[in-house]
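Peer 1: Just passing along the structure, written as structure tokens.
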């Protein structure tokens with residue numbers, strides 16, 4: 001999988017950056033920001049995850065349950 005990267009300029013809260021680096025175990029600015037963004041996306045995907053509801057059933061039932069919980073998953 002090829003990752004697309006965009007170069008941009010942003011103001012970064014240095015304390016928040018230091019805290020994120022410590023939590024994520026990253027060293028550079030880009031690595032920390034990218035790891036934090038991936039972590040937020042992962043947490044959103046797992047929000048409300050329920051093994052019985054989300055894994056049990058046919059693939060169609062699992063997909064339907066996911067769409068009820070995360071309508072943007074249809075996009």
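The values are calculated or read from the model by the stated rules, or taken from the named source; none is laboratory data. The shown structure was predicted, so the numbers you read here are calculated from the model rather than taken from an experiment. Methodologically, a virtual Cβ is constructed for each residue, glycine included, from the backbone with ideal geometry; neighbour enumeration extends over all protein chains shown.
Peer 1: Condition first: in contact with a helix residue (DSSP H, G or I) (Cβ under 7 Å, 6 or more places away or on another chain), closer than 23 Å to residue 3 by Cβ and either modelled with pLDDT of 70 or more or in a helix (DSSP H, G or I) (or both). Can you find one or more residues in the stretch 64-73 that meet it?
Peer 2: Taking the stretch 64-73 as the starting set, the residues that turn out to be in contact with a helix residue (DSSP H, G or I) (Cβ under 7 Å, 6 or more places away or on another chain) are 65-67, 73.
Now narrow it down to the ones that are closer than 23 Å to residue 3 by Cβ: 73.
Subset that is either modelled with pLDDT of 70 or more or in a helix (DSSP H, G or I) (or both): 73.
Among the residues of the stretch 64-73, at least one is in contact with a helix residue (DSSP H, G or I) (Cβ under 7 Å, 6 or more places away or on another chain), closer than 23 Å to residue 3 by Cβ and either modelled with pLDDT of 70 or more or in a helix (DSSP H, G or I) (or both), which makes the answer yes.
Peer 1: Considering only residues of the stretch 1-43 that are touching a residue at least 12 places away in the same chain (Cβ under 8 Å) and either touching a strand residue (DSSP E or B) at 6+ places or on another chain (Cβ under 6 Å) or within 30 Å of residue 65 (Cα to Cα) (or both), which is surrounded by the fewest Cβ atoms within 10 Å (Cβ to Cβ)?
Peer 2: Only one residue tops the list, namely 39.
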